[in-house]
Each structure stands twice: as structure tokens, then as C-alpha cells.
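Here the structure comes first, spelled out in C-alpha cells, and everything after it is commentary.
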Amino acid sequence: MDKHQLAQELRQRQYARGLVKKKYIDALSDNDIIDSYITCSGCGAKFVPLDGLDLIIKRARSAEQFIAAIAPHTH
């Protein structure tokens with residue numbers, strides 16, 4: 001999948017959850033929405049090295065597969 005497609009699917013997940021207003025989700029760039037999934041909200045550490053991120057995105061066929069692929073890296 002490409003980065004824009006992933007970002008769109010991640011936005012759709014956020015809309016469905018309803019925790020953040022749509023206008024704030026829409027204000028995020030593709031990189032920012034993806035970054036929000038790979039960054040610890042507590043300490044700011046990246047779960048995935050940026051040099052490995054492109055490969056994870058490319059291999060994912062959906063947002064769910066992307067999230068599953070980064071899950072082992074979270075803390």
C-alpha cells in the first residue's frame with residue numbers, strides 16, 4: 001500500500017472511533033497521522049525506526065495489517 005492510502009485508512013479509523021473531532025484529524029498531514037501511530041504518547045519514542053517504516057507500509061494491505069506489523073515494536 002502507499003503512504004497516502006494508509007493515511008486515509010488511519011483517518012477513517014479515527015473518524016469511526018469518534019475520540020477526536022474530524023476537523024483535527026483532517027488537519028493532519030499523511031506523515032503526521034502515520035507518525036501518531038508509531039510514536040509513544042507518553043515518552044515520544046518511535047516504535048518503528050524510520051528507515052523500516054517504508055517497508056512496513058509497502059507490505060501492509062490495510063491499516064489493520066499496518067497496526068499489526070507495528071504492534072510488536074510498541075512498549
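Read-outs throughout are calculated quantities, based only on the coordinates presented, and are distinct from any laboratory measurement. What you are looking at is a predicted structure, and each value in this text was computed from that prediction instead of being measured. Counting neighbours? That spans all protein chains shown, and the Cβs are built from the backbone with ideal geometry, glycine included.
Counted residue by residue at 0.36 nm each, then reduced by the alpha carbon distance between them, the extension gain from residue 2 to residue 68 reaches 22.1 nm.
With contacts taken as Cα pairs under 8 Å and at least 6 residues apart, the stretch 3-73 reaches a relative contact order of 32 percent.
For the chain, what does the alpha-carbon gyration tensor say about shape, rounded, prolate or oblate, given a ≥ b ≥ c as the root eigenvalues, a/c under 1.5 as rounded, and a/b over b/c as prolate? Oblate shape, in that a/c is at least 1.5 and b/c is the bigger or equal ratio. Leaving out same-chain residues fewer than 8 places away, which aspartates and glutamates sit with a Cα under 15 Å from that of residue 3? Partners found: 30, 32, 35, 51, 54, 64. The amide H of residue 47, built 1.01 Å from its N in the peptide plane, has 39, 40 as neighbours under 5 Å, considering only residues 5 or more places off or on other chains.
GNM remark for the chain: springs join alpha carbons under 10 Å apart, and the peak mean-square fluctuation among 41, 62, 29 falls on 41. Of the trypsin sites (Lys or Arg not before Pro) found in the stretch 1-54, those that fall in a DSSP loop while having at most 15 other beta-carbon atoms within 10 Å are 21. Backbone geometry of the stretch 61-71 corresponds, through the Karplus equation with coefficients 6.51, -1.76 and 1.60 at θ = phi - 60°, to 3J(HN,Hα) couplings of 9, 7, 4, 5, 5, 4, 5, 5, 6, 8, 3 Hz, x marking Gly and Pro. What the phi angles of the stretch 30-44 give under the Karplus curve with 6.51, -1.76 and 1.60, with θ = phi - 60°, is a coupling list of 4, 4, 5, 5, 5, 4, 5, 8, 10, 10, 5, 6, x, 10, x Hz, glycine and proline written as x.
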